[in-house]
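The structure appears below as structure tokens.
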Amino acid sequence: MFAKSRNVSLKAKPDARPRLKIGNLKIASLKIDSTTLGLSLLLLVVIIGFSLAMPGRFFSDATFMSVAFQLPELGLLTLAMFIPILSGGLNLCIIATANLTSLLMAWVFLTWLPPDASMAMQAVWLTLALVGAMILALVIGMLTGALVAYVGAHPILVTLATMTMVNGVGIYLSRGAAISGMPDIVRFIGAETLLGVPVPLIIFLLTAALIAVFLERTRLGKYIYMSGSNINATHFSGVNTHRVLIAIYVISSMLCVIAGLIMMARFNSARMGYGDSYLLLTVLAIILGGTDPNGGFGKVAGVVLSLIVLQVISTGLNLMNVSPHFSLAMWGAVLIVVLALKFFRSRYLQKKAGRMSAAKARAAQP
């Protein structure tokens, strides 16, 4: 089931990085990987390019504040897609799940929250709405994960089916209309700042940090990486891969709840269809951030950096009045180019390794 041909070595490799020695202390030097370095240089080039193209318009507080407010909703959806891709799968249902859970939260507010409720009462109802949305996301995630794990259907087919089902349910219940008029606490989440930092950005960064710690420091996080590298080898090593797959799609759906809250707060309404254009961008950000599309390798830091690059580019194009339809086509072309470059780089490294092995074999012959 979704087995990869490459082998996985679970044995830790010694740290070969140069170290700085001070007295009796040894401090590991910082190592910047090629993906981080490349994205950092690309971000610098993009900022300089747009600043020269639009003097006084792009490089401003207003532009970077706009980036900070717009990044979180795409970022949270990208994290929801990132977890399944790490396992070698995919979740096409992230946007539908985010919209359906936001509709549920909006319904709770408009049905049960008194119009003159205090901020404390609004916080209580926000908590209850989030609990209800998480239960709904739990059901969607468990259904998706069970179909992938036990039925053995490909994640693309499973999540395409659940996406269609969730969209249909949401459109039927809402009649395709938007539910608007959110309480003050929701508008605060979407439009206010704390110490000069947008509240949505704080939520996104905290969530990204928690996901990074979860993947790097917990047993389940390591199992997710192992499943993406070789799920059969992971199974035969004693890991219950069925539970791991279910957990992957449950976590992905839970992240969609946070994304749905941010989108609802940003738009001051909830509706099926919000954020449909984000699906391609989530995959692009993940692949651009150095994640292996076949699973098994990827870092949250690389994904966050690639999101910043994409959001800065998107903001710059908007300031230049570039058509959003052209931008969408450009993102698709960029994804094709990135995938092609990864393929040719992989082939080059394989051939290089083969030549080195052949040279060593010839050198070892008497």
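The values are calculated or read from the model by the stated rules, or taken from the named source; none is laboratory data. Keep in mind the model is a prediction, meaning the values are calculated, not measured. Quick reminder, even Gly has a Cβ in these numbers, built from the backbone with ideal geometry, and neighbours come from all protein chains shown. Note: accessible area is taken over every heavy atom of the protein model, side chains too, but ligands, DNA and RNA are not part of it. Shrake-Rupley method; radii C 1.70, N 1.55, O 1.52, S 1.80 Å.
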Query - Gyration tensor (alpha-carbon) shape descriptor, the range 282-339, a/c threshold 1.5 - result: oblate
Query raised in the report: What angle, in degrees between 0 and 90 and rounded to the nearest 10, separates the Cα long axis of helix 300-319 from the longest principal axis of the Cα atoms of the chain?
Result: 60 degrees
**Report entry** Heavy atoms of residue 165 accessible to a 1.4 Å probe, total area in Å² rounded to 10
**Finding:** 100 Å²
Requested in this report: Mind ranking 292, 116 by accessible surface for me, highest first, 1.4 Å probe?
Outcome: 116, 292
Query raised in the report: To the nearest 0.05, how large is the calculated FRET efficiency for residue 192 and residue 325 if R₀ is 35 Å and r is the Cβ-Cβ distance?
Result: 0.60
Query raised in the report: Is the shape of the range 25-178 best called rounded, prolate or oblate, per the rule: a/c under 1.5 gives rounded, else a/b larger than b/c gives prolate, else oblate, with a ≥ b ≥ c the square roots of the Cα gyration tensor eigenvalues?
Result: oblate
Query raised in the report: Nearest 0.05, what FRET efficiency do residue 242 and residue 119 give at R0 = 35 Å with Cβ-Cβ as r?
Result: 0.20
**Report entry** Degrees separating the helix 219-229 axis from the principal Cα axis of the chain, which is the longest one
**Finding:** 60 degrees
Query raised in the report: Applying 1/(1 + (r/R0)^6) with R0 = 35 Å to the Cβ-Cβ distance of residue 44 and residue 351, what FRET efficiency is obtained, to the nearest 0.05?
Result: 0.60
Requested in this report: Taking all protein chains together and a probe of 1.4 Å, list 204, 59, 69 from the most accessible to the least accessible.
Outcome: 59, 69, 204
Query raised in the report: Near the amide H of residue 297, under 5 Å away, which other amide H atoms are found, from residues 5 or more places off or on another chain, if H is placed in the peptide plane?
Result: 292
Query raised in the report: Taking the C-alpha atoms of the chain, how large are the radius of gyration and the largest Cα-Cα span, Dmax, in Å?
Result: 22.6, 90
**Report entry** the range 44-97 - Kirkwood radius from inverse mean 1/r over Cα pairs (Å)
**Finding:** 13.5 Å
Query raised in the report: Which aspartates and glutamates have a Cα less than 14 Å from the Cα of residue 342, not counting those fewer than 8 places away in the same chain?
Result: 292
Query raised in the report: If one takes the longest principal axis of the Cα atoms in the chain, at what angle in degrees, from 0 to 90 and to the nearest 10, does the Cα axis of helix 278-288 lie?
Result: 30 degrees
Query raised in the report: With the chain treated as a Gaussian network of Cα nodes joined by springs under 10 Å, which of 289, 196, 273 yields the largest mean-square fluctuation?
Result: 196
Report task. Work out, step by step, the length gained on full extension between residue 59 and residue 317: first 0.36 nm times the residue separation, then minus their alpha carbon distance; give nm to one decimal. Result -> 91.5 nm
Query raised in the report: Probe 1.4 Å, all protein chains in place: accessible area of residue 235 in Å², nearest 10?
Result: 100 Å²
Query - Dipole of the chain [Lys/Arg +1, Asp/Glu -1 at C-beta], most positive-end residue of 284, 118, 223 - result: 223
Query raised in the report: In terms of the Cα gyration tensor, with a ≥ b ≥ c the square roots of its eigenvalues, is the range 103-178 rounded because a/c is under 1.5, prolate because a/b exceeds b/c, or oblate?
Result: oblate
Report summary line: In terms of the charge dipole of the chain, which places +1 on Lys and Arg and -1 on Asp and Glu at the beta carbon, the residue among 87, 51, 332 farthest towards the positive end is 87
Report summary line: Place a point 7 Å from the Cα of residue 177 in the direction of its beta carbon; the residues of the range 105-131 whose amide N falls under 19 Å from it are 105-113
Report summary line: Computed for the chain: size of charge dipole around the Cα centre, +1 on C-beta of each Lys and Arg, -1 on C-beta of each Asp and Glu, debye to nearest 20, value 2160 debye
Report summary line: Relative contact order as a percentage, the chain, C-alpha pairs under 8 Å and 6+ apart, gives 30 percent
Report summary line: The alpha-carbon center of the range 280-340 and that of the range 124-171 are separated, in whole Å, by 25 Å
